[in-house]
Structures are given as C-alpha cells and as structure tokens.
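What follows is a set of notes on a single structure, which appears directly below.
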Amino acid sequence: MPKRLLALFAVLAFAAPGPGFPQSVAAETAGPTLTAKVDAIVDEATERGFAGGVAIMKDGALIYDRVAGYSDNAKTAPVTEETLFHVASITKYLTAALVMKAAEEDLLSLDAPVSDYLPEMAFAKRGATISDLLAHRSGLGSSYAAEKHADAAGAIAAIDAAPFDESKVGQFKYSNDGYDLLAIILERVCKKPYEDAARNLLLEPARLSGTGFWGETNTSDPRRVGQPLEVLPETLRARNYGMIGSAGYLTTARDLARLEAALADGETLSAASYEALHAPRGEISIGSATYGAFLMRNEALGPYYSARGFEDWGDNAILNHYLDSNVIIAVVTSKGPAEGEGKPFRDTISKAIEDELAAQ
C-alpha cells in the first residue's frame, strides 16, 4: 500500500445556510461576523465537494460547529451531527495522550526500553524506548505490514520482518509501525483492548459521545461513517493492528476539538503530562515534532499544536490548537481531494479560518 501520509467573540449569530447544502450549526458563543465568514468558507468548500464537519472552540467553549455535504459519493445520505469521520493519523495523537495517561497511572515508563513490554520482539533488543516510539525516532518506518494481522503476535512478527533503517535511529522518521507497537504495549499494560483503554482513560472522562474505532464500527454505512472516495477492501476494514493505534480513530469535528480542550484543561491529563506531550522532540520541515503531533507557528496567530491525518482514499482531518488565543480548530472529511489532485480540505479550510481569525 502506498504511503499515506484556528480576538473577538460576542453573542451567537448564524448566517443563512448556503443554498442546497445539508448542514447543521450549533454552538454556544461566536461573533456574527466570524460565524458568517466561516459559513462562507464551508459553503465554498462544499461546492468543491467537501463533506464533513468543522468545529471551533475558544477558551473551552464550542463557538462554531457545522456539518455539510453528503456522506456517500452518490449524494443520497446527508452528513449529520452523528456522522463519524476517519481521522487517520490523528489517531497517533490519541495514542500518545493515552501513553501519557498510562504513565501517570504507573502502568508504564516513558524511559523504559520497549523490550520491557515486548520481550519476544527482535526490534526491541535494539534498545529503543517508549519515548523513542512516541517521537518517531526508533528507526522504524511505515511498512503497513501490521494491516494484515488481527492478532498482536502476527503484527509483531510482521513489523520485525519489515525493513529497518539503522541510520535513522535517534532521528525523526515518521512511523506508523512504531505507533502500531504502542497500541500493543497499551493493551498489555492496561490489560484490555486498545479501544476500551482509550474510552475508559480518555474519551469517557472527557464526556465525548461521537467516537468509534476501526473494526468495531460499520465503516461502510454512510449513515454512520463518512464514505471515502474509494471503496476499501473488506480485509482492511476489519480490525487490524496496522490501524488500531496509528490510524483507526473515528469521530466528529466537535468531539475532536473537545478532546483537545479536555487534554489542555486538565480534565484527562495532568498539566505536566500535557506539557510533556507537546514538548519539542526535534526540528523537521514544518516545525518541531512532538508526541503524536507537531509544534508549528502561524505568522499572525503565533505558535500552535497541530495533529493531522490523510489517507490515499480521501479521509483527512486536522486539529490545531492556537496557544496565544486558546482557539482550537478541527476539520474532518472523507472527500479528499485525492492525492495529487490538490490540497486536502483539512488544509484549505483550516488555512482560510486562520486568515479570518488573524483579521479579527
């Protein structure tokens, strides 16, 4: 499989919906000008094929929440507030936060070698730590070998057999395989499936209702999940260790933004764990790598944390937390555009909202 690689806010007011676009708008407080302008951004994107959700939070309050477009490619099933979207590699941010929570509860140590948790694995004998996996500096890459395995043992063996780049040990090398292993480690230390651990330790304490996981949610039902541009093989749709911890989280824009607010506000992680989650772990082309995300800078808005995901088949999402203004933007969609056919909707929509926020 090929590589898949948001001040002024006042009383709530909503602009009239764009013509012909199924949508839902619900929020607590937002300035009328900002709301109208973001509506216009979403309308324009929907004209170009966008289907999904956009949410904005300010100081912990949901100020904009809208869905638009059609879940299916035949345009018969409108996106609703309950429609889930596959957020791809933003799953890594969830996994990283879950590892930090497990460390808080003394279930694992970030400095411990992987061999403490996966003693049977040849890779583990190379000395990589949990922190190395989180920071993409273990030498592992993205072989997607674990996608063929529903059992942890098979996934471990497949990753062991995948190419290993010794020259990248200690350096940033984006790695799905490393996060696949983190999911297995979390299952072992939490003594439950990854999905249950995520729900119990993070999602339920954050009071998130719009959540699903790959392999336990009917991803082929457009009334439940936004449908991608391509029909995926059933073997990939099944629960597998290539998706669980690195790419298999399903949610709404609203709950994606709420997840970040809960993490940042201390509802689910301690302040120390949240700070460690976002500490710079090495400079890369777009900013600094952190655990499961990136630390970036907007010229007008200042520094922000960014988690992002994009799949070959069209699913893409972004979660940006602008620190100076304490604004969070989340965008989710299943409609690409396809790789090579233009910038994904996550980027064009979030950039347009950034510009509007900068103009406030």
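Do we have any residue at all in the stretch 112-122 that's under 23 Å from Ile90 (Cα atoms), touching a His at 6+ places or on another chain (Cβ under 8 Å) and modelled with pLDDT of 95 or more? No. All told, Gly178 falls short of being within 15 Å of the chain's Cα centre (by Cα) and under 30 Å from Glu341 (Cβ atoms). Picking from residues in the stretch 159-188 that are polar (S, T, N, Q) and outside any loop (DSSP other than H, G, I, E, B), the one that is surrounded by the fewest Cβ atoms within 10 Å (Cβ to Cβ) is Ser167. Filtered by the rule that a residue be under 12 Å from the mean Cα position of the chain (by Cα) and more than 24 Å from Arg66 (Cβ to Cβ), the stretch 243-292 gives Gly245, Ser246, Ala247, Gly248, Gly292. Under the condition of being within 28 Å of His136 (Cα to Cα) and not in a loop (DSSP other than H, G, I, E, B), which residue from the stretch 203-229 is modelled with the lowest pLDDT? Only one residue fits best here, namely Thr211. Of Leu250, Leu232, Leu256, all but one fail to be within 17 Å of Phe85 (Cβ to Cβ), assigned to a loop (DSSP other than H, G, I, E, B) and of a type in the set (A, V, I, L, M); the exception is Leu232. Exactly one residue among Thr235, Thr211, Thr217 is farther than 28 Å from Leu269 by Cβ and either under 18 Å from the mean Cα position of the chain (by Cα) or surrounded by fewer than 23 Cβ atoms within 10 Å (Cβ to Cβ) (or both), and that residue is Thr235. When you check Arg254 against the structure, is it surrounded by fewer than 19 Cβ atoms within 10 Å (Cβ to Cβ), modelled with pLDDT of 95 or more, in contact with a Gly (Cβ under 8 Å, 6 or more places away or on another chain) and charged (D, E, K, R), yes or no? When the stated conditions are applied, Arg254 does not pass them. Applying a threshold of 6 Å to beta carbon distances and a minimum spacing of six or more residues, or different chains, the list of pairs starting in the stretch 88-108 at a residue that is at negative phi and assigned to a helix (DSSP H, G or I) and ending at one that is at pLDDT 95 or above and among the aromatic types (Phe, Trp, Tyr) reads Thr91/Tyr249; Lys92/Tyr179; Leu94/Tyr249; Thr95/Tyr179; Ala96/Tyr291. Based on this model, can you work out whether Val67 counts as assigned to a strand (DSSP E or B), at pLDDT 95 or above and of a type in the set (Val, Ile, Thr)? Answer is yes for this residue.
The values are calculated or read from the model by the stated rules, or taken from the named source; none is laboratory data. Since this is a predicted model, take the numbers as computed values, not measurements. Methodologically, a virtual Cβ is constructed for each residue, glycine included, from the backbone with ideal geometry; neighbour enumeration extends over all protein chains shown.
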